[in-house]
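The values are calculated or read from the model by the stated rules, or taken from the named source; none is laboratory data. These figures come from a predicted structure and were not determined experimentally. With ideal geometry, Cβ positions are generated from the backbone for all residues, glycine too; neighbour counts draw on all protein chains shown. What goes into the accessible areas is simple: the full protein's heavy atoms, side chains included, and nothing from ligands, DNA or RNA. Shrake-Rupley method; radii C 1.70, N 1.55, O 1.52, S 1.80 Å.
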Amino acid sequence: MEALKADNLPYSSIKNANSNKQKPIRTAYVKTGSKNPAFGASVHVNEGLGKKALNLGLNAVDKIQKHIETGGFIVEFLVVDFIGMVIPRTYQAYHRNEKELGHPNYAAAKEEFTREILSGPSMFLIPFAFLCASKKMFGSASHVKRDTLKKFRNITETAFKTDKNENLAHNFYKKIVDKLYDSKITDKAKEVIVDDFLNLHNAKPNEVKNLSKKVTGTLISTNKIIGNDKKLGISLEDSSIINLDGKAKNVGDFVEECRNYSSDVINSISAAGKNANEQLINQIHNFKEGARKLITTTAVGTMSAFLMYIPKLYNQNKQYPGLAGLTTNPSSKDQNEKKELKK
Amino acid sequence: MTIQSASSINNAIHSFKPGKICRTLSGIGRMIPDKVSDFCDLTTNASMKRTTQFAILAACVVLSRYIQARNDDEKREILTRDTGMLFTAVYGVPLFKKVASIFINKRTGIPIAHGEKGILKNINPEKGIQMASYEQLSEWLSVNSTKSFDGIKNGFTGFCVNIKKLGGNLIKCLNILDKNSKETIKNIAKSVGINEEVTNKNILKVIYKAEKSTDKGVQDNLNKLKELFVQDKNGMNPLLQKASNLKSATGFTCIAATAFVLGGLLPWFNIHHTKKLYEQNKAKNNEQPKILPANNSNIINKFELFKKTGQLV
């Protein structure tokens, strides 16, 4: 494939082009009185109160769903858990056997609420708390997945061997970009991407978000220009996927991992200056790998233990409150049968 | 731009000197087998793999609650309620999204998912057909400006090839963008020497030939088509808006269906089923005293109980 021109690459140049963009043909928005083009969600229809209401409703759903997706799986799970489980289940438990009891079933509602409010959120909040703590205790590189950490380790070792500790961050990112795009893009184009990565590497905390977006955008634009390349694992179908040494990753996640790694490990090696050697590199990586393994395993372990302990928290009543009002004898059906048999 | 070396920046604060406790903890971490830590691996958002999630829900939620249940009724309710939850959350919702994506694609011609088709390839919810993210939809179905096509391999043709490859029907997609697009395509086809009717099968040939053509009229018409994909000030075009709405409607349906099944149907079933069982039991108990005094024999009473319980007394 023809090598790509560097001028085509920067995301910013595409963004700048927006200012000169032509407006789309507005005829597309005009309903001509013909049939609804397809089922259900017809949009951009300017007539009829019902359709206006439908459009408004759909757009509202669209906005909510976008917020949920932006928040990630955690938000999606919590929203589903709270709206779909906590509220309706507590409501049903509250009214369980209400006629028989002559009043709402407070005990059942309390049990149901306690169980549901503890189960769903704990599955995310506990691991999340562990990850936050790991950043403080072991540095941001402990947030990098173990398989990626191994690949980064190899790249750092190669970069260190090539040029000792001079411009380590630059050499590291140069090697990363080489691995990502091989010879599909020109050296000049690669340098533009390395520049973006270095800006992110050196960014102040308040700049990280914007610069991450910029690098992500540059990588996606590069993928789009390359189109489809099986060897590099790049496809127009999903240009937000990148491939590092055979491991496919989401571009956004990869950029975050790069920043987490380089701002911690690369800076630590660089800080050692002339004292840096291969032993130090090994020492740092072993430390980070051990930390990562410990954090993920204990996070999942703690969460599992807590989930197993939840019944102890909601089983405060000796008798199952779901049976309240169904039997005059507070004991269970089994006990009733046993008594019957004894007779 | 000059490239700064990281080694010259913020050096003083980044030397590698972990504390004793951290070193010990990391040492303990290194002893954990790789398979265990890989099973427990987390994403940057603190999410687990779906297989891990399934295993933990099955062992630590369903089984643990079952063992700690206070009586048989609670055990039965746990099995109904939590096994339903396990399969709906881990398999049901992704499966629904896969089916909905195929259905929407067939009905509207808009691609809103990607990935391999086939039952075997879709058994694992994380593999096979995946509903696109809003970002992906925006990349597939819109551009910032007509110049953005230059940043895509093979330009506008490459952009259209991708839509078709994803299962999209270009004729339908263009029709959603503009009702008059059919006429524009017809004109282009005539100008590039294709006299047959333009369908989804040969539209790429028309676009490819039009891109190669130097004729001003053809280029003008082609530009009209290109402009249809350009985003408005809200970052949308009618096609992207529709795709986005369909995706949102699917997501919303999933939440509503989950709420209905897990929050409504299963607990409702449990409550009513348990109630029914107790009512039946009560009715039987009320019948019993009438039968027992009639048979004033201890052996007959025991036989009646044996018939009821299946156990010798």
Number of the condition not met by A:Asp81 [criteria: (1) within 8 Å of another protein chain (Cβ to nearest Cβ); (2) open to solvent by less than 20 Å² (accessible area, probe 1.4 Å); (3) within 30 Å of A:Lys213 (Cβ to Cβ); (4) at pLDDT 75 or above]:
(1)
Selection from the stretch A:178-191 of residues within 22 Å of A:Ser235 (Cβ to Cβ), out of contact with any Asp or Glu (no Cβ under 8 Å at 6 or more places or on another chain) and open to solvent by 20 Å² or more (accessible area, probe 1.4 Å) yields A:Asp178, A:Asp182, A:Ser183, A:Thr186
Breaking point among (1) over 30 Å from A:Lys312 (Cβ atoms); (2) at pLDDT 85 or above; (3) not aliphatic (A, V, I, L, M), for B:Gly29:
(1)
Of the conditions (1) open to solvent by less than 30 Å² (accessible area, probe 1.4 Å); (2) more than 8 Å from chain B (Cβ to nearest Cβ); (3) in contact with a strand residue (DSSP E or B) (Cβ under 8 Å, 6 or more places away or on another chain); (4) not polar (S, T, N, Q), A:Leu131 satisfies every one except a single condition; which number is it?
(2)
In the stretch B:181-200, anything crowded, with 17+ Cβ neighbours inside 10 Å and in a helix (DSSP H, G or I) is listed as B:Ser181, B:Thr184, B:Ile185, B:Ile188, B:Ala189, B:Ser191
Tally the residues that are within 7 Å of another protein chain (Cβ to nearest Cβ) and of a type in the set (A, V, I, L, M), restricting the search to the stretch B:216-271.
8
Qualifying positions in the stretch B:34-74 - more than 25 Å from the chain's Cα centre (by Cα) and buried (at least 16 other Cβ atoms within 10 Å of the Cβ)
B:Ser37, B:Ser64, B:Arg65, B:Tyr66, B:Gln68, B:Ala69, B:Arg70, B:Asn71, B:Asp73, B:Glu74
So for the stretch B:201-213 (the condition being touching a Cys at 6+ places or on another chain (Cβ under 8 Å) and open to solvent by 20 Å² or more (accessible area, probe 1.4 Å)), does at least one residue qualify?
yes
Count - residues of the stretch B:93-127 that are modelled with pLDDT of 85 or more and in a helix (DSSP H, G or I)
15
